[in-house]
1. Determine, for each peptide in 89-96, 138-145, the mean count of other beta carbons within 10 angstrom over its residues, then list the peptides with the highest first.
2. For the stretch 190-248 and the stretch 140-189, what is the separation of their Cα centres, given in Å?
3. Would you pull out the residues with amide H under 5 Å of GLU86's amide H, same chain only if 5 or more places away, H placed 1.01 Å from N?
4. At 7 Å along the Cα-to-beta-carbon direction for both ALA231 and LYS156, put a label point, then send me their distance in nm to one decimal.
5. By count of other Cβ within 10 Å, fewest leading, how are TRP129, TRP217, TRP246, TRP43 ordered?
6. What is the calculated FRET efficiency for ARG210 to LYS146, with r their C-beta to C-beta distance and R₀ = 30 Å, to the nearest 0.05?
7. Quick one: compute a quarter of the convex hull surface over the Cα atoms of the stretch 61-113 and quote it in nm².
8. Between GLU47 and ARG130, what is the FRET efficiency for a Förster distance of 22 Å, r being their Cβ-Cβ separation, to the nearest 0.05?
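Any read-out appearing in this document is the output of simple, stated calculations on the displayed coordinates, not a laboratory observation. Not measured: the values here are computed from a predicted model. Here the Cβ is made from the backbone with ideal geometry for all residues, glycine too, and neighbour counts use every protein chain on show.
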Amino acid sequence: MINAAAGASGSFDQTKPDFDRLRALTAADIRTIFAAPQIDRAWSSYEPILAELCQIEDLKTGGVNPGDRRALFYLISGLRAKGVLEIGTNVGASTIHIAAALNENAEAGASRLVTVDILEVNDSATAPWRVADLPLSPRQRSDRLKGRAETKFITKASQDFLAHTGEMFDCIFLDGDHSEEAVFAELIYASQRLDPGGVIILHDFFPDQRPLWPEGWVCHGPFAATQRLCALGAAIEVLPLGPLPWPTKLNSNVTSLAVVVKPAGRSSKSARP
């Protein structure tokens, strides 16, 4: 048991992480996903509509950059996820790409995306998409994408949602409050909301807290939170996705995405291939 003290939105006692639910993946597995011809074909079919619906400049809005959006599409598709939780909707750049991937996965059954933000991201006068002067809200993008996957928008603090929801997911994307305390708490809660064989994806993960781009900016929280968990004995491995096969931002193909998995050699209970 890992006992966690105060988190960013309150405190919780005697939480019981279940990192044994994580899927055992390797960097080679992820490279295989990014090179999969069938996912390339699916991406090619969705790319025009996604480009039309997601004309978002990440450096101006805080939205996930175009290369990371594509990586999320490939990951969700390759992992055959059917239930995804996104923490941190913001302007909905990542949301619409996750939903598109779930549409593909829905062929074998119902798929759903739950996206949570502390702000009201759709109808509020101060919603991020309005502040950024974008033409569509996250819900409008989701509605125009259509497809088989259901998308549900929740306005709530991440830890409050994770602590009280009864829903389970096979992929959880953490891109909300990036402080160490918040990510630490979210990771513990997320481990309890994973179906066996699930994964957790982190955004703004900077290995060894070093800059990934020449401008020198570093987000410290996600890396520090995972290091803290490992120091407490959590059986996790964090796989930074490193350079992607396509451009991301600042004239590079570098990404700050990382996947939290079970260490290689430890099989997940009921993990899907």
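1. Numbers: 89-96: 28.0, 138-145: 19.1.
The packing order, highest mean first, is 89-96, 138-145.
2. 17
3. Excluding prolines and chain starts, which carry no amide H, the hits are VAL114, THR115, VAL116, PHE173.
4. Those two pseudo-labels are separated by 3.1 nm.
5. Numbers: TRP129 25, TRP217 10, TRP246 14, TRP43 20.
The fewest-first ordering by Cβ neighbours comes to TRP217, TRP246, TRP43, TRP129.
6. On the way: r = 42 Å, r/R0 = 1.40.
That gives a FRET efficiency of 0.10.
7. Working: hull surface 13.0 nm².
About 3.2 nm², averaged over all directions.
8. On the way: r = 26 Å, r/R0 = 1.20.
It comes to 0.25.
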